Amino acid sequence: MTKSKTGLTLEFSNSPEVLTDPDPINEIIGPYGASIWPIPFADLDPKTRDLIQKKALSPDEVNRLERSLLLSREELLKVIEKAGRDPQIPGGGSLQTKEVNSGMTFPSLLLAEEGADYSQFDKFHLNLAADGTGVDEILQMLSGDGFRLIYRLPDETILTLTLSCTTNDSGWLLTHAGPHPHMGSMSRASSGTKILGQVIGPAEWEMKFVP
Ligand SMILES: [Fe+2]
């Protein structure tokens, strides 16, 4: 894995080029509905900043982090607009949603556990409701490193975006739309990596694996 001082790398399956800054990365992934920006933690209260750095969290601590950091509907819509796309459902749809096969509900704080094997989830998929309506995914990477978002383009090129939090002062805010083939992979993330995921749109949706 290539390390960069920004904590971001975008690698291409068909080129040795590696991009490490958000702006040129957004020029590449933007046309596919994805975008990424740093999120500064400077304005957060000290307790929240402490929780961001903890390796394991109690349910109460998870609640507290979620209360401090979850984005409101207005903020979510702004992120989607900044990424240059329309929300999958006008107005954003439901903010509390469920993936029907796993029963997993969002918003959710995903925390990479020591020794866990996440490779079984490394499969390209689309996130769609039964009627084909897509979801909007908005992820905040709060801590850790080696979290990857992998996108497959229509010409089969694979883009691998690897996110790391290189300091305690900032994380990453990323969004993409569910109907593009993608995977969010924890399989190379360091233990304690935290991703706060909001998946909005249809109240119930399915992770549809694509060959
Ligand atoms: Fe997804």
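Which members of segment 189-211 meet the condition of being charged (D, E, K, R) and under 12 Å from the mean Cα position of the chain (by Cα)?
Taking segment 189-211 first, the residues charged (D, E, K, R) are 194, 204, 206, 208.
Across segment 189-211, the qualifying residue is only Lys194.
What's the number of the only condition in (1) within 12 Å of the ligand (Cβ to nearest atom); (2) at pLDDT 95 or above that Ser102 fails to meet?
Condition (2) is where Ser102 drops out.
Looking at segment 111-118, can you tell me whether even one residue there is surrounded by 16 or more Cβ atoms within 10 Å (Cβ to Cβ) and away from the ligand (no atom under 14 Å from the Cβ)? Walk me through how you get there before you give the answer.
Start the filter on segment 111-118 by keeping residues that are surrounded by 16 or more Cβ atoms within 10 Å (Cβ to Cβ), which leaves 111-112.
Going one step further and asking which of them are away from the ligand (no atom under 14 Å from the Cβ), we end up with 111-112.
Yes, there is a match, as at least one residue in segment 111-118 is surrounded by 16 or more Cβ atoms within 10 Å (Cβ to Cβ) and away from the ligand (no atom under 14 Å from the Cβ).
Hey, among Leu161, Leu128, which residue is surrounded by fewer than 21 Cβ atoms within 10 Å (Cβ to Cβ) and either free of Cβ contacts under 8 Å to residues at least 12 places away in the same chain or not aromatic (Phe, Trp, Tyr) (or both)?
Values: Leu161 fails: surrounded by fewer than 21 Cβ atoms within 10 Å (Cβ to Cβ).
Matching residue, one of Leu161, Leu128: Leu128.
Would you confirm whether any residue within segment 121-133 is at pLDDT below 95, of a type in the set (A, V, I, L, M, F, W, C) and either within 13 Å of the ligand (Cβ to nearest atom) or in contact with a Phe, Trp or Tyr (Cβ under 8 Å, 6 or more places away or on another chain) (or both)?
yes
Could you tell me which residue of segment 170-182 is farthest from Leu8 (Cα to Cα), considering only residues that are within 11 Å of the ligand (Cβ to nearest atom) and out of contact with any helix residue (DSSP H, G or I) (no Cβ under 7 Å at 6 or more places or on another chain)?
Restricting attention to segment 170-182, the residues satisfying the condition of being within 11 Å of the ligand (Cβ to nearest atom) are 176-182.
Next, from what is left, pick out any that are out of contact with any helix residue (DSSP H, G or I) (no Cβ under 7 Å at 6 or more places or on another chain): 176-179, 181-182.
Working: His176: 16, Ala177: 20, Gly178: 22, Pro179: 24, Pro181: 21, His182: 18 Å.
Per the stated criteria, the residue is Pro179.
Which number in (1) more than 16 Å from the ligand (Cβ to nearest atom); (2) touching a residue at least 40 places away in the same chain (Cβ under 8 Å) marks the one condition that Asp136 misses?
For Asp136, the exception is condition (1).
Can you name the condition, by its number, that Ser68 falls short on among (1) over 27 Å from Leu126 (Cβ atoms); (2) exposed (fewer than 13 other Cβ atoms within 10 Å of the Cβ)?
Result: Ser68 passes all but (2).
The values are calculated or read from the model by the stated rules, or taken from the named source; none is laboratory data. Every value quoted in this text rests on a predicted model; they were computed, and no experiment measured them. Neighbour counts run over all protein chains shown; Cβ positions are idealised from the backbone, glycine included.
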